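Q: Dropping a structure here in structure tokens format, bear with me for questions.
The values are calculated or read from the model by the stated rules, or taken from the named source; none is laboratory data. Remember, predicted model here, so these are calculated numbers, not experimental data. Reconstructed Cβ throughout: ideal geometry from the backbone, glycine too, with neighbour counts over all protein chains shown.
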Amino acid sequence: MKIPIPVVIAKEGKWFVASSPVLDIATQGRTEQEVKENMADLISDYFKDPDTPKPQMSAIMQISITNIPVNVPEGVLHNKASSSSPA
């Protein structure tokens, strides 16, 4: 049976890092494709390992990922120091 497993992928320096919060596992790869393949293999191994505690299927199926828009102070995303002086 195939089910969708939420995975977060981020680029960290020269590496892509993938994590699955619901399974509490992570891996890395040199490319986005490699990290996806590594995560698929890791998830497969995770479910095959009889000694690893598994989450309830209902917990996996209830997870959703969303983006939440927030205001970010100017300069934060470009690693620039704030131009205002402290009061």
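Q: For the structure I just gave you, tell me whether residue 59 is in contact (Cβ under 8 Å) with a residue 12 or more places away in the chain, out of contact with any Cys (no Cβ under 9 Å at 6 or more places or on another chain), farther than 16 Å from residue 10 by Cβ and not in a loop (DSSP other than H, G, I, E, B). Working first, answer last.
A: Details: in contact (Cβ under 8 Å) with a residue 12 or more places away in the chain: yes; out of contact with any Cys (no Cβ under 9 Å at 6 or more places or on another chain): yes; farther than 16 Å from residue 10 by Cβ: yes; not in a loop (DSSP other than H, G, I, E, B): yes.
So residue 59 passes the test.
Q: Mind checking which residues of region 1-30 are more than 15 Å from the chain's Cα centre (by Cα) and either of a type in the set (D, E, K, R) or over 23 Å from residue 63 (Cα atoms) (or both)? Spell out how you get there, then give the answer.
A: Filtering region 1-30 for residues more than 15 Å from the chain's Cα centre (by Cα) gives 1-3, 13-14, 30.
If the condition is that a residue be more than 15 Å from the chain's Cα centre (by Cα) and either of a type in the set (D, E, K, R) or over 23 Å from residue 63 (Cα atoms) (or both), then 2, 13, 14, 30 are the ones that fit.
Q: Name the residues in region 41-53 that are surrounded by fewer than 14 Cβ atoms within 10 Å (Cβ to Cβ) and of a type outside the set (D, E, K, R), would you?
A: Kept after step one, since they are surrounded by fewer than 14 Cβ atoms within 10 Å (Cβ to Cβ), are these residues of region 41-53: 41, 44-45, 47-53.
Result: 44, 47, 50, 52, 53.
Q: If you go through region 31-52 one residue at a time, do you hit one that is in a helix (DSSP H, G or I), among the β-branched types (Val, Ile, Thr), touching a strand residue (DSSP E or B) at 6+ places or on another chain (Cβ under 8 Å) and modelled with pLDDT of 85 or more?
A: Pass one, region 31-52, residues in a helix (DSSP H, G or I): 32-48.
If we keep only those that are among the β-branched types (Val, Ile, Thr) as well, we get 35, 43.
Those left that are additionally touching a strand residue (DSSP E or B) at 6+ places or on another chain (Cβ under 8 Å): 35, 43.
Now narrow it down to the ones that are modelled with pLDDT of 85 or more: 35, 43.
Checked region 31-52: at least one residue is in a helix (DSSP H, G or I), among the β-branched types (Val, Ile, Thr), touching a strand residue (DSSP E or B) at 6+ places or on another chain (Cβ under 8 Å) and modelled with pLDDT of 85 or more.
Q: Limited to region 1-20, what total is found for residues that are surrounded by 13 or more Cβ atoms within 10 Å (Cβ to Cβ) and either among the hydroxyl-bearing types (Ser, Thr, Tyr) or in a loop (DSSP other than H, G, I, E, B) (or both)? Break it down into steps so the answer makes sense when it comes.
A: Taking region 1-20 as the starting set, the residues that turn out to be surrounded by 13 or more Cβ atoms within 10 Å (Cβ to Cβ) are 5-7, 9, 15-20.
If we keep only those that are either among the hydroxyl-bearing types (Ser, Thr, Tyr) or in a loop (DSSP other than H, G, I, E, B) (or both) too, we end up with 5-7, 19-20.
Summing the residues that are surrounded by 13 or more Cβ atoms within 10 Å (Cβ to Cβ) and either among the hydroxyl-bearing types (Ser, Thr, Tyr) or in a loop (DSSP other than H, G, I, E, B) (or both) in region 1-20 gives 5.
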